[in-house]
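The values are calculated or read from the model by the stated rules, or taken from the named source; none is laboratory data. The shown structure was predicted, so the numbers you read here are calculated from the model rather than taken from an experiment. Because the Cβ atoms are built from the backbone with ideal geometry, glycine has one as well, and the counts that use them run over all protein chains shown. The protein model used for the area step is the full one, side chains on, heavy atoms only, and it has no ligands, DNA or RNA in it. Shrake-Rupley method; radii C 1.70, N 1.55, O 1.52, S 1.80 Å.
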Amino acid sequence: MKSKSELVATSVFFAGLKSAELEPIIKLVFEKRFEREEILFFEGEATESLLFLASGVVKIFKTSPDGKEQILSIAHPEETLNEVPLFNGGLNTTSAQAMMQVVVYMINKRDIEMIMRQYPLVASNVIHILAKRTRQLVSLVEELSFKRVNGRLAGILLENAVRDGESGAKLTQRDMAAMAGTAREVISRSLKAMEDDGIIGFDKHRLIIRDREALKKMSQTFS
Amino acid sequence: MYIMKPEIDKEKCDGCGLCVGVCLENGIMIVDKTVVAIAEVECDWCGICEAVCPNDAIRCPFQIIFA
Ligand code: SF4
Ligand code: SF4
């Protein structure tokens, strides 16, 4: 496990600062331990300090209204756990729970703000960190919605498929989009992905289901 | 041989010509302010004309079949 000074010296938050500048920052850091399964912070609570994970693994999750837990990420040592709500001035957007014994180093919000005013370099580091988080979240959203559309599309294809020679419904990509509740562009992309995976094939105006089982699985998992 | 042409709804088409411009096969023409698809070209059912049409007037429906 890194010591407070090692963690501060290597953290992306303070990258570029000289060791003389790091000294006073290290003094502002305090340590806290959590046992396995203990909650570090709850969704909806106010954030008072920035948490650097020093050792152990932490589960970052959200709880849906019906009590289901969705894990957003697993944080590893040297990651910060709550920079988004901290700088947003708002409440925690997620909860965090220790998955084993955990040590965190913390800096109070007002201290971090003071450091940022003193060293614009730190503020620019923070922008980089937040931009990276945004990117991660965008790809998470994309992945979730893409999977869901794939699942719905798989169901639509199965429901409307017939044996060769039989007559069945003919669907345009626009029709499929309307049925799946999405845009035509999204359907195009899903069809292309399924084609690339060998699940379906195209023969001009015929859409051929090559892997019925794979479609079934997709429609059951995400719909 | 089955000749493929996108389905055109002359009621909906306002002759804007967008589909004509995007078809890589030059498979679409405007005649008398409405669109017609010509059979002689190799339409490959790419659906680009459908994608650009603001009026849902040109369509490339798929028959979905089990292999
Ligand atoms: S489906 Fe493609 S090739 Fe066929 S008419 Fe439309 S744009 Fe042209
Ligand atoms: S894009 Fe649509 S409305 Fe415009 S000419 Fe083509 S079919 Fe007609």
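Listed by chain and number, the lysines placed with their C-alpha closer than 29 angstrom to that of B:Lys5 are A:Lys170, A:Lys192, A:Lys204, B:Lys33; residues fewer than eight positions away on the same chain are left out. Express the accessible area of region B:7-59 per residue in Å², computed with a 1.4 Å probe while the remaining protein chains stay in the model. About 57 Å² of surface per residue is accessible. Put the Cα centre of region A:1-71 next to the Cα centre of region B:13-67 and the gap is 57 Å. For chain A, the solvent-accessible area with a 1.4 angstrom probe is 56 square angstrom per residue. In this structure A:Val186 has an accessible area near 40 Å², from a 1.4 Å probe over the protein heavy atoms. The ratio of the alpha-carbon radius of gyration of chain B to the globular-protein estimate 2.2 N^0.38 Å is 1.09.
DSSP loop chymotrypsin sites (Phe, Trp or Tyr not before Pro) in region A:136-223 with at most 12 other Cβ atoms within 10 Å of their Cβ, which ones? Could the numbers behind the result be given before it?
Details: sites: A:Phe146, A:Phe202, A:Phe222; in loops: A:Phe222.
Here no loop site has a sparse enough neighbourhood.
Label-to-label distance for A:Lys68 and A:Glu142 is 2.5 nm, based on points extended 7 Å past Cα in the beta-carbon direction. Can you give the percent of C-alpha pairs in region A:1-151 whose distance is more than 29 Å? Within region A:1-151, distances greater than 29 Å cover 19 percent of Cα pairs. Surface calculation, 1.4 Å probe, protein heavy atoms: A:Glu6 sits at approximately 100 Å² accessible. Over all pairs of different C-alpha atoms, the protein assembly as shown has a mean inverse distance whose reciprocal, the Kirkwood radius, equals 23.5 Å. For region A:1-85, the number of Lys pairs separated by eight or more positions or lying on different chains, with C-alpha atoms closer than 25 Å, is 12. A dipole drawn for the protein assembly as shown from +1 and -1 charges on Cβ atoms has a positive end, and of A:Ala75, A:Gln136, A:Gly151 the residue lying farthest that way is A:Ala75.
At a probe radius of 1.4 Å, figure out the B/A buried accessible area, summed over both chains, and give it in Å² to the nearest 100. Walk me through the numbers on the way to the answer.
On the way: alone 5030 and 13510 Å², together 16170 Å².
Its buried surface, counting both partners, is about 2400 Å².
Counting Lys and Arg as +1 and Asp and Glu as -1, each charge on the Cβ, what is the dipole of the protein assembly as shown about the Cα centre in debye, to the nearest 20? Let's see the in-between values first.
On the way: 36 positive and 41 negative charges, 96 e Å.
Computed charge dipole of the protein assembly as shown: roughly 460 debye.
Taking only the alpha-carbon positions of region A:134-223 and ignoring solvent, what does the Debye formula give for the base-10 log of I(q)/I(0) at q = 0.12, 0.23, 0.25 Å⁻¹? Debye intensities relative to I(0), on a log10 scale: -0.36, -1.24, -1.43.
Over the protein assembly as shown, with every protein chain in place, what whole percent of the accessible area is carbon and sulfur at 1.4 Å, could you tell me? Solvent-exposed carbon and sulfur of the protein assembly as shown make up 53 percent of the total. Surface calculation, 1.4 Å probe, protein heavy atoms: B:Asp14 sits at approximately 100 Å² accessible.
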